[in-house]
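Input: a single structure, listed below in structure tokens.
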Amino acid sequence: MKKKAILLNWLVFISLIYLQSHFAYADSLAERIANKHTIMIIINDVGNAADFTGYAENLLKKSLKERGAAIINPEIMEKVKENKLLMKAIENANASAMVKIATDYGANILIRGTLSVDALKKFSASWEGAANMSLTAIDTSTAEEISNVFSDPLGSTLNPAPIEDSPLIAKQIAVQKICHNVLLKIGVIANSAALKGVTTIGFDFHDIFTLSPGRAMAIEFSADGRFLLAGGGKTVRSWDLINRQINQEYRIKNGHVSAVAISPDNQKLAVGNNRGIVEIFSLDSPRAYQRIAGHRRAITALAFSPDSRLIASGVDKICQIHSIQSGAKLITLKGHRKTVNSIAFTPNGRHLISAGSDRMIKWWDINVSKEKKSIQESADKLLNMKLSHDGSMIALSTVDIHIDLVRNSRKDIRHVRIRNTITGEEIRTLEGHKKDITTLAFHPNKRFLASGSIDNTIRIWDLQKGDIVTFFEKEDDIISVKFSMDGQWFAALTKNQRLSVWKLR
């Protein structure tokens with residue numbers, strides 16, 4: 001009996017040592033995250049997961065960042081992934097690779113993982129998602145393993161496998177569940193936490209173009225999605241996305257580019273400048289064939305009519321509509337009390353919608369040159385507006401200012417408000433950006449909306465669910481985001497003149 005008691009005591013002692021060691025590791029990782037240590041995350045495909053590794057990385061990054069970690073930016077990560085020898089060394093946890101990551105890229109912690117994904121056909125045309133993930137956290141300064149976990153199998157009562165009506169959604173939800181599971185096991189999130197990001201859209205990083213010389217202020221895709229145009233200084237440059245090279249340059253005669261627009265027939269480019277002049281180019285020619293003058297101030301917004309025969313411009317407090325062919329001014333629309341910041345034609349071409357810094361959204365009947373209706377946004381600021389491609393919804397970037405005189409404090413809350421264009425009814429209110437939202441873009445299917453902010457982030461929203469699909473953190477303020485009309489490309493322009501492009505799937 002005495003020997004059994006001694007043996008039992010030893011077992012208890014060893015168990016305590018193991019538990020102490022286990023929780024020390026978890027606390028160590030959690031503490032490093034809370035202390036804003038810089039983390040590099042690399043997930044490798046080990047089974048049908050090639051289309052989902054980037055998605056999983058973004059889910060993990062979002063959760064870690066929310067808990068205090070600093071994340072290596074996407075441009076640096078692309079350089080690392082292009083280095084095949086380094087990637088192989090990372091996969092093998094090579095000590096010299098850890099040193100390189102720490103010294104060359106500034107990452108204190110490497111989280112490397114593996115992911116496999118599948119979807120199995122079930123009854124009634126449904127699909128069951130399956131996924132497995134392992135994560136290993138490594139201190140790059142010492143090559144010491146901080147934490148190592150494997151996901152629990154999907155399919156148990158406590159961790160059910162997702163069953164959906166398409167294999168893509170089933171896989172995506174499986175990846176979401178498995179990311180939540182491993183983060184829970186390494187102590188990064190609590191049981192009550194939930195990862196958001198289920199989606200039917202994916203972003204594959206394509207390329208980065210550096211825009212110099214000249215300060216780019218506006219970007220547009222050609223109507224066929226083949227070219228991406230960026231305007232700044234005295235030049236608009238067109239990039240061939242497939243061949244990754246400059247296709248054409250359009251140079252304006254006066255002032256600096258302030259707005260650009262591509263005609264729906266994919267034949268014309270309109271370029272507005274800070275001196276109130278609009279120049280019209282043929283997309284296949286570098287020289288303007290029409291010059292529309294007469295505006296007294298900078299062009300703040302441009303829009304082609306659906307038939308590509310008219311060009312609308314926002315200038316100061318007014319909107320003007322000109323004929324493309326003759327350059328003649330056809331209509332002047334007055335009613336805003338402050339600067340017009342956004343305009344768009346409705347799909348039938350009969351109405352022009354304008355939004356201004358006076359917080360007014362106005363619908364103009366261009367056939368009779370009169371205001372049809374208007375809405376005053378209840379927020380304290382209205383920064384910009386975007387119309388969905390089918391004309392059924394408008395997205396508004398707003399700021400609500402809360403002032404507490406007793407506590408002598410002020411809090412600005414940024415929202416994206418989605419309204420029905422016919423009734424004006426608010427459909428969704430999206431909140432998450434920490435600073436002003438500078439740009440909005442609808443995906444052609446109108447389910448997804450992109451928003452960019454001077455908080456250096458881009459957020460992709462699922463408007464059906466009201467959730468964030470994914471987000472990207474860039475190195476500077478976001479100036480503009482765009483989806484191509486064919487839904488195959490997404491682009492973002494930052495203040496430091498970096499133009500990032502993703503291929504959509």
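Would you confirm whether or not segment 324-339 contains a residue that is polar (S, T, N, Q) and under 16 Å from L387 (Cβ atoms)?
no
Let me spell it out: the conditions are (1) modelled with pLDDT under 90; (2) under 15 Å from the mean Cα position of the chain (by Cα), and L405 meets all of them except one. Which number is the exception?
So the condition that L405 fails would be (2).
Which residues, counting only those in segment 94-142, are of a type in the set (V, I, T) and either surrounded by 15 or more Cβ atoms within 10 Å (Cβ to Cβ) or in contact with a Leu (Cβ under 7 Å, 6 or more places away or on another chain) (or both)? Don't jump to the end; show me each part of the working.
Quick first cut of segment 94-142, residues of a type in the set (V, I, T) only: 99, 101, 103, 109, 111, 114, 117, 136, 138, 140, 142.
Those that are of a type in the set (V, I, T) and either surrounded by 15 or more Cβ atoms within 10 Å (Cβ to Cβ) or in contact with a Leu (Cβ under 7 Å, 6 or more places away or on another chain) (or both): I101, I109, I111, T114, V117, T136, I138, T140.
Inside segment 39-93, can you point out the residues that are crowded, with 19+ Cβ neighbours inside 10 Å and acidic (D, E)?
E57
Pick from A379, A298: which is hydrophobic (A, V, I, L, M, F, W, C) and either more than 23 Å from G452 (Cβ to Cβ) or under 26 Å from the mean Cα position of the chain (by Cα) (or both)?
Every option except A379 fails the conditions.
Working only within segment 440-458, note down all residues that are buried (at least 22 other Cβ atoms within 10 Å of the Cβ), farther than 13 Å from M393 by Cα and not small (G, A, S).
Passing the criteria: only I458.
Give the residues of segment 265-284 that are touching a strand residue (DSSP E or B) at 6+ places or on another chain (Cβ under 6 Å), farther than 18 Å from T300 by Cβ and assigned to a loop (DSSP other than H, G, I, E, B), sorted by residue number.
Listed by number, the list holds a single entry, L283.
Considering segment 436-456 alone, what residues qualify as being charged (D, E, K, R) and over 14 Å from K474 (Cα atoms)?
If the condition is that a residue be charged (D, E, K, R) and over 14 Å from K474 (Cα atoms), then D436, K446, R447 are the ones that fit.
What is the number of the single condition among (1) outside any strand (DSSP E or B); (2) touching a strand residue (DSSP E or B) at 6+ places or on another chain (Cβ under 7 Å); (3) at pLDDT 85 or above; (4) more than 22 Å from V469 (Cβ to Cβ) that V182 does not meet?
Evaluating V182 over (1) outside any strand (DSSP E or B); (2) touching a strand residue (DSSP E or B) at 6+ places or on another chain (Cβ under 7 Å); (3) at pLDDT 85 or above; (4) more than 22 Å from V469 (Cβ to Cβ) leaves (4) as the failure.
Working only within segment 222-257, note down all residues that are more than 14 Å from L283 (Cα to Cα), surrounded by fewer than 22 Cβ atoms within 10 Å (Cβ to Cβ) and touching a residue at least 12 places away in the same chain (Cβ under 8 Å).
G233, K234, I242, R244, K253, N254, G255, H256
Based on this model, can you work out whether T142 counts as farther than 15 Å from K177 by Cα, over 23 Å from the mean Cα position of the chain (by Cα) and among the β-branched types (V, I, T)?
yes
Of all residues being closer than 16 Å to N367 by Cα and in a strand (DSSP E or B) in segment 303-318, which is nearest to the chain's Cα centre (by Cα)? Just the residue, please.
Filtering segment 303-318 for residues that are closer than 16 Å to N367 by Cα and in a strand (DSSP E or B), the one nearest to the chain's Cα centre (by Cα) comes out as F304.
Would you be able to tell me the number of residues in segment 412-442 that are under 24 Å from N348 (Cβ atoms) and in a loop (DSSP other than H, G, I, E, B)?
Result for segment 412-442: 5.
Does G225 qualify as being in a loop (DSSP other than H, G, I, E, B) and either touching a strand residue (DSSP E or B) at 6+ places or on another chain (Cβ under 7 Å) or more than 25 Å from T470 (Cα to Cα) (or both)?
Taking the combined requirement at face value, the residue satisfies it.
Output the residue which, of all residues in segment 361-376 that are closer than 22 Å to L449 by Cβ and surrounded by fewer than 21 Cβ atoms within 10 Å (Cβ to Cβ), is modelled with the lowest pLDDT.
I375
Of (1) among the small types (G, A, S); (2) in contact (Cβ under 8 Å) with a residue 60 or more places away in the chain; (3) not in a loop (DSSP other than H, G, I, E, B), A119 satisfies all except one. Which?
(2)
Please indicate, with yes or no, whether at least one residue in segment 98-112 is farther than 19 Å from I33 by Cα, hydrophobic (A, V, I, L, M, F, W, C) and without any contact (Cβ under 8 Å) to a residue 60 or more places away in the chain.
Taking every residue of segment 98-112 in turn, at least one turns out to be farther than 19 Å from I33 by Cα, hydrophobic (A, V, I, L, M, F, W, C) and without any contact (Cβ under 8 Å) to a residue 60 or more places away in the chain.
Looking at (1) at positive phi; (2) modelled with pLDDT of 80 or more, which is the only condition G155 fails?
Only one criterion in (1) at positive phi; (2) modelled with pLDDT of 80 or more is unmet by G155, namely (2).
Among the residues of segment 57-93, count how many are without any contact (Cβ under 8 Å) to a residue 24 or more places away in the chain and not in a helix (DSSP H, G or I).
Final tally of qualifying residues: 2.
Collect the residues in segment 232-264 that are at pLDDT 95 or above, part of a loop (DSSP other than H, G, I, E, B) and more than 18 Å from G314 (Cα to Cα), keeping them in residue-number order.
Residue satisfying the conditions is P264 alone.
Within segment 335-342, identify whether any single residue is of a type in the set (S, T, N, Q), within 19 Å of L383 (Cα to Cα) and part of a strand (DSSP E or B), and answer yes or no.
Yes, because at least one residue in segment 335-342 is of a type in the set (S, T, N, Q), within 19 Å of L383 (Cα to Cα) and part of a strand (DSSP E or B).
Does segment 145-158 include one or more residues that are free of Cβ contacts under 8 Å to residues at least 40 places away in the same chain, part of a loop (DSSP other than H, G, I, E, B) and under 30 Å from the mean Cα position of the chain (by Cα)?
yes
In this structure, is T300 among the β-branched types (V, I, T), over 21 Å from V257 (Cβ atoms) and assigned to a strand (DSSP E or B)?
Spelling it out, it is not the case that T300 is among the β-branched types (V, I, T), over 21 Å from V257 (Cβ atoms) and assigned to a strand (DSSP E or B).
For residues in segment 94-116 being of a type outside the set (G, A, S) and part of a strand (DSSP E or B), which is farthest from A56 (Cα to Cα)? Don't jump to the end; show me each part of the working.
Narrowing segment 94-116 to residues of a type outside the set (G, A, S): 94, 98-101, 103-105, 108-112, 114-115.
Checking the rest, the ones that are also part of a strand (DSSP E or B) come to 109-112, 114-115.
Working: I109: 18, L110: 15, I111: 12, R112: 12, T114: 10, L115: 8 Å.
Per the criteria, the residue is I109.
Return only the number of the condition from (1) under 28 Å from the mean Cα position of the chain (by Cα); (2) aliphatic (A, V, I, L, M); (3) within 22 Å of G349 (Cβ to Cβ) that I280 does not satisfy.
(1)
The values are calculated or read from the model by the stated rules, or taken from the named source; none is laboratory data. Everything numeric in this text was worked out from a predicted model, so none of it was measured. So basically every Cβ, Gly included, is an ideal-geometry build from the backbone, and we count neighbours across all protein chains shown.
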